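Worksheet for the structure shown next.
The values are calculated or read from the model by the stated rules, or taken from the named source; none is laboratory data. Since we're looking at a predicted model, the values are computed, not measured. Heads up, the Cβs are rebuilt from the backbone with ideal geometry, glycines too, and the neighbour counts pull from every protein chain shown.
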Amino acid sequence: MSYELLRSIHLFSIAPCVPLGFYLIVFSKKGGKSHRLWGKGYALLITFSSLVSLLLEARVGPTWLDHFGYFHLLSVLTITTVPYGLWQLKRGRLISHQRSMQFLYWTGLLIAGGFTLFPGRYLHGLVFG
């Protein structure tokens, strides 16, 4: 698959996670049917997007193995945090689940998303021309 196609798949799968994660953290009734349903969708989307991002080679900054860059660490963080948060939920550790999901949202989505707006990045060009 081409880089451009993988990038599009990643962006279209991660973009809904920003408002959906915000809804889950701020507005949804924790433990309610809606929270569980949308939470599963969020977990699937963010994990899928993180797996796709591992296929994208780093084009800005230093690389490891001529492929991986610093952003890939956030993908690994996501791929490990989602199952950890769900595991905590199954164990009845609701506070730990809540903290891990909020940590994932703030680091994996908002901070990483902010860095994608830096000059030289694709989204910077899209947003700022």
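The residues listed here are PHE22, PHE12, PHE48; of these, the one that is part of a helix (DSSP H, G or I) and in contact (Cβ under 8 Å) with a residue 60 or more places away in the chain is PHE22. When region 25-38 is filtered for residues that are in a helix (DSSP H, G or I), surrounded by 12 or more Cβ atoms within 10 Å (Cβ to Cβ) and without any contact (Cβ under 8 Å) to a residue 60 or more places away in the chain, the ones remaining, listed by number, are SER34, HIS35, ARG36, TRP38.
Only residues that are surrounded by 14 or more Cβ atoms within 10 Å (Cβ to Cβ) and over 23 Å from ILE25 (Cα atoms): list them for region 61-87, please. Quick ask: steps written out before the conclusion?
Kept after step one, since they are surrounded by 14 or more Cβ atoms within 10 Å (Cβ to Cβ), are these residues of region 61-87: 63, 68-72, 74-75, 77-79, 81-82, 84-86.
Passing the criteria: THR63, PHE68, GLY69, TYR70, PHE71, HIS72.
Note on region 92-122: residues that are part of a helix (DSSP H, G or I), surrounded by 15 or more Cβ atoms within 10 Å (Cβ to Cβ) and either without any contact (Cβ under 8 Å) to a residue 12 or more places away in the chain or of a type in the set (Lys, Arg) (or both) amount to 1. Summed over region 1-35, the residues that are polar (S, T, N, Q) and either more than 22 Å from GLN102 (Cβ to Cβ) or touching a His at 6+ places or on another chain (Cβ under 7 Å) (or both) give a count of 3.
Look at ALA58 and say whether it is under 19 Å from LEU11 (Cβ atoms), surrounded by 15 or more Cβ atoms within 10 Å (Cβ to Cβ), among the small types (Gly, Ala, Ser) and modelled with pLDDT of 95 or more. The answer is no for ALA58.
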